[in-house]
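> Structure below; questions to follow.
Please treat every number below as a calculation from the coordinates, not as lab data. Source: prediction; values computed, not measured. Using ideal geometry, Cβ is built from the backbone for each residue, glycine included, and neighbour counts are taken over all protein chains shown.
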Amino acid sequence: MSENIIEVADVSFRYDRDDVLEHINLDVPKGAFLGIVGPNGSGKSTLLKLMLGLLKPQAGEIRLFGKPLARFKDWSRIGFVSQKANSFNTGYPATVLEVVASGLATKTGLFRFMGSESRKDAIEAIRSVGMEDYLHQNIGELSGGQQQRVFIARAIVSKPEILILDEPTVGVDHQHVQSFYEMMEILNQQLGITLILVTHDIGAITSNVTHVACLNKHLYFHGEREKFEELDDAEVSSWYHHDIQLLSHEHELEGV
């Protein structure tokens, strides 16, 4: 039986008087690639913030690696790429190598000179996302898709066991989205990193992930991708509160 490295047990959360999440129960097995999908305002990003300890639930419990969130301290085991990475200041004067190496600041110290071991780790992370040809290029000169790869390298340079990504393909050219998911597959299957990814792109999710969670204040579905693909349009539309058409053989979504 797979080890659950994240456990969300009967979690509810509200902003002021607005209920955002109600009675969420969700487990993330070690080695999974979980895609969390749902319409705007469905609570997807809030759920990630709760998992990361950035917000505290009004009810329920979250456990990371078997420990209650309040007692979990080893945050180097978790990497995170936020939506804000997509609005990066293109004038920032740093090379790809420097940006990725900054992900080791908690280990080496923010202002310490990059040692040979840190440089080796940074280059390895850059190579794993296919950006080794851009080591010394200013990050502001890269495309949105290339910058996103660099931020992912920065998140994995400390060798986390889990990588959490919030809408990572926003701002990425459509032609580069599939190569992004191919990179995710490499991180998951070859490097063994457990992935949690929030996205609106159900088509890409059903092509690449191992598990799906469909969220809209309530958790309507949580299970293996194959089970999600068996659902009919009407059922998924009822969760989104408007009509959608799933084209499973093309892995596309219409009407969202």
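> Simple spin-label model, 7 Å along Cα-to-Cβ: Leu135 to Glu230 in nm?
Output for this residue pair reads 5.0 nm.
> List the extent of the Cα atoms of the chain along each of their three principal axes, largest first, rounded to whole Å.
54, 42, 39
> Listed here are the pairs Lys73/Lys227; Lys67/Lys217; Lys30/Lys73; Lys44/Lys67; which of them are more than 28 Å apart at the Cα?
Pairs exceeding the cut-off: Lys73/Lys227.
> Please give me the summed charge of the neighbours of Gly79: other residues whose Cβ is under 11 Å from its Cβ, Lys and Arg +1, Asp and Glu -1.
Residues close to Gly79 contribute a combined charge of +2.
> Right, here's the next one. Based only on the alpha carbon positions, what is the Kirkwood hydrodynamic radius of the stretch 133-242, in angstrom?
15.6
> Between helix 144-156 and the chain, what is the angle of the helix's C-alpha long axis to the longest principal axis, kept within 0 to 90° and rounded to the nearest 10?
Relative to the chain, helix 144-156 is tipped by roughly 80 degrees.
> Here's something else I'd like to know. Using only DSSP helix segments of four residues or longer, with each worth -39500 (n - 2.57), what per-residue ellipticity at 222 nm results for the chain after dividing by its residue count and rounding to 500?
One gets -9000 deg cm²/dmol as the mean residue ellipticity at 222 nm.
> Would you kindly derive the ³J(HN,Hα) couplings of the stretch 65-81 from the backbone phi angles with the Karplus curve 6.51 cos²θ - 1.76 cosθ + 1.60 (θ = phi - 60°), listing them in order in whole Hz, with x for Gly and Pro?
So the Karplus estimates, Gly and Pro as x, are 6, x, 10, x, 3, 5, 9, 7, 10, 8, 6, 5, 7, 10, x, 9, 10 Hz.
> Using only the alpha carbon atoms of the stretch 1-75, find the Kirkwood hydrodynamic radius as the inverse mean reciprocal pair distance, in angstroms to one decimal.
Kirkwood radius, the stretch 1-75: 12.9 Å.
> Between Ala59 and residues 5 or more places away or on another chain, which pairs have amide H atoms under 5 Å apart, with H built 1.01 Å from N, and which residues are they?
The list, which skips near neighbours in sequence, is Ser12.
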